[in-house]
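Chemist: Attaching a single structure in structure tokens format; questions to follow.
Nothing in this text is a laboratory measurement; each read-out follows from the coordinates by a stated rule. Please read these numbers as outputs of a predicted model, since none were measured by experiment. Counting neighbours? That spans all protein chains shown, and the Cβs are built from the backbone with ideal geometry, glycine included.
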Amino acid sequence: MDFLAQADFWRPFFRWLHVVAGIMWIGHLWYFNFTQTPTMPKIPTELRPAVVRYILPEALFWFRWGAMLTLILGLILAWLNGYLLDALKLGIGTHNGRIVAIGWGMWLGIIMWFNVWFIIWPNQKKVIGLTSATPDEVNAARRTAGLASRVNTMLSIPMSYAMIFAPHWYGGMTA
Amino acid sequence: MESLLNNLWATIIAGFVLTVILAIVIRAMA
């Protein structure tokens, strides 16, 4: 079992865990933006509580903890790969295109994680009733959370580009 | 900005436009 002690084994293992957690996160993000939000106005008013009280809290649980796990596993992966600090500096000075690319992907992912935990979740807590709020405050919270969620949907496209491009850019190290 | 974000498809197109810009920036910085 010597191979289990080698970074060579753990690097792809943590990459796989990071991607699985990322699917949990971005899968729910896209569910909210592609399915739930556009469908809500079409649902009869008396049926909407089924979504808000039952589906939404469950989806938000997997969504926010998927985001947390993706970030933590991503930082571990970057550390195992030996480029954590260089990537956080956007690869400046490394002359390594892969580190430039993963650095941009990491920062976009960090911004998205911040949006989840510090904008979307505090506002959604008002929507699902975990935080007490007046009906006006609930409407404002729903709008703010929705806009931050849309920003994350927009950022998920360049984020995934940079993340996937980095380890597959074979010419990047000599670019 | 808010009207763009209220439209799902405009948001997605904006994401792809940002991706093209990012690809150029990454290539230039590499």
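Chemist: Could you compute the FRET efficiency for A:ILE76 and B:VAL17, with r as their C-beta to C-beta distance and R0 at 41 Å, rounded to 0.05? It would help to have the intermediate numbers written out before the result.
Modeler: Values: r = 32 Å, r/R0 = 0.79.
After rounding to 0.05, the efficiency reads 0.80.
Chemist: May I pose another question? Please compute the average number of Cβ atoms from other chains found within 10 Å of each residue's Cβ in peptide B:6-18. Intermediate values should be presented prior to the final figure.
Modeler: Numbers: counts 4, 1, 6, 0, 2, 9, 7, 2, 7, 10, 4, 3, 7.
Mean number of neighbouring Cβ atoms from other chains: 5.
Chemist: ³J(HN,Hα) across the stretch A:66-83 via Karplus (A = 6.51, B = -1.76, C = 1.60, θ = phi - 60°), whole Hz, x for Gly/Pro?
Modeler: Values, residue by residue: x, 4, 4, 5, 4, 5, 4, 5, x, 5, 4, 4, 5, 5, 4, 7, x, 10 Hz.
Chemist: Cut-off under 19 Å on the C-alpha distance; same-chain residues fewer than 8 positions from A:LYS89 excluded. Which lysines are left, in chain and number order?
Modeler: Correct list for A:LYS89: empty, as no lysines qualify.
Chemist: Something else: By how many degrees, 0 to 90 and rounded to 10, does the Cα axis of helix A:97-115 deviate from the longest principal axis of chain A?
Modeler: 20
Chemist: Can you work out ³J(HN,Hα) from phi for every residue in the stretch A:21-38, in order, using Karplus 6.51 cos²θ - 1.76 cosθ + 1.60 and θ = phi - 60°, giving whole Hz and x for Gly and Pro?
Modeler: 4, x, 5, 4, 6, 6, x, 5, 4, 6, 4, 4, 7, 8, 10, 5, 4, x
Chemist: Measure nothing fancy, just the Cα-based angle from helix A:135-168's long axis to the longest principal axis of chain A, in degrees from 0 to 90, nearest 10.
Modeler: Approximately 20 degrees, to the nearest ten.
Chemist: Which Cα, out of A:ALA59, A:ALA148, A:LEU73, lies furthest along the positive dipole direction of chain A (beta carbon charges, K/R +1, D/E -1)?
Modeler: A:ALA148
Chemist: Measure off 7 Å from each Cα along the Cα-to-Cβ vector at A:ILE92 and A:MET40, then give the distance between these two points in nanometres to one decimal.
Modeler: 4.0
Chemist: Where the centre of each part is set by its Cα atoms, how far does the stretch A:98-175 sit from the stretch A:11-37, in angstrom?
Modeler: Taking the Cα centre of the stretch A:11-37 as reference, the centre of the stretch A:98-175 is 12 Å away.
Chemist: At 7 Å along the Cα-to-beta-carbon direction for both A:TRP117 and A:VAL20, put a label point, then send me their distance in nm to one decimal.
Modeler: 2.2
Chemist: Return, for the Cα atoms of the protein assembly as shown, the radius of gyration and Dmax in Å, separated by a comma.
Modeler: Cα-based Rg and Dmax for the protein assembly as shown come out at 19.0, 61 Å.
Chemist: Output the peptides A:55-64, A:17-26, A:128-137, A:154-163 sorted from most to least packed, where packing is the average of other Cβ atoms within 10 Å over each peptide's residues. Provide the component values of the computation, followed by the final result.
Modeler: Numbers: A:55-64: 16.0, A:17-26: 18.5, A:128-137: 11.7, A:154-163: 21.7.
The peptides rank, most packed first, as A:154-163, A:17-26, A:55-64, A:128-137.
Chemist: Can you pull the mean other chain C-beta count within 10 Å for peptide A:148-156?
Modeler: 5
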